[in-house]
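The values are calculated or read from the model by the stated rules, or taken from the named source; none is laboratory data. What you see is a predicted model, and the numbers here were worked out from it, not measured in a lab. Neighbour counts are summed over all protein chains in view; Cβ atoms, including those assigned to glycine, are modelled from backbone coordinates with ideal geometry.
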Amino acid sequence: MSIPSEDQLLRRSRMGLLARANPQRLAALMPDLPAHAWLRAPEIGTVMVRGRTGARGAPFNLGEMTVTRCSLRLEDGRVGHAYVQGRDRNHATRAALIDALMQGAEAARIEADLLLPLRAEEDERRTARAEKAAATRVEFFTMVRGED
């Protein structure tokens, strides 16, 4: 098993962000789609989700999840891929287009205009969720008794 390069790790992180992004927000940030040709038109299917007891136990099949995947090629030959949860073909298309666009000269503009706002919104959602969970946290303590 080879160790992923820094570029592969960045692409993996970016594709995860796009997959988790709100589809309506992504559409608002990217209303116009560049010309492209389908290598694999958006198709809906399922994947098996695996789990582990206590994150360390033996893996088991948790259940199936619906996903949409697609692959496309821009006019200049760059290729983009996407897998997103659910049945949203437009979400998968936009994610694949961004994946392809990030491989060219406009990567810095795409990063600033699309990915930074999506990351900030995801961070806000995570913080709000953590604060909500922390508000319900219960601290248990044991008082030491004087008896031995």
Which number in (1) in contact (Cβ under 8 Å) with a residue 60 or more places away in the chain; (2) among the charged types (D, E, K, R); (3) touching a strand residue (DSSP E or B) at 6+ places or on another chain (Cβ under 8 Å) marks the one condition that R14 misses? (3)
Looking only at segment 30-46, how many residues end up being surrounded by fewer than 16 Cβ atoms within 10 Å (Cβ to Cβ) and touching a residue at least 40 places away in the same chain (Cβ under 8 Å)? 5
Got at least one residue in segment 123-146 being within 17 Å of the chain's Cα centre (by Cα), over 21 Å from D7 (Cα atoms) and in contact (Cβ under 8 Å) with a residue 12 or more places away in the chain? no
I'd like to check something: does segment 2-12 contain any residue that is at pLDDT below 95, in a loop (DSSP other than H, G, I, E, B) and of a type in the set (V, I, T)? yes
Criterion: farther than 16 Å from P34 by Cα, surrounded by fewer than 16 Cβ atoms within 10 Å (Cβ to Cβ), among the charged types (D, E, K, R) and without any contact (Cβ under 8 Å) to a residue 12 or more places away in the chain - qualifying residue of R87, R52: R52
Could you tell me whether any residue of segment 117-132 is in contact with a His (Cβ under 9 Å, 6 or more places away or on another chain), surrounded by fewer than 12 Cβ atoms within 10 Å (Cβ to Cβ) and over 20 Å from L9 (Cα atoms)? no
Checking V84, V67 in turn, the sole residue that is under 23 Å from D7 (Cβ atoms), among the aliphatic types (A, V, I, L, M) and assigned to a strand (DSSP E or B) turns out to be V84
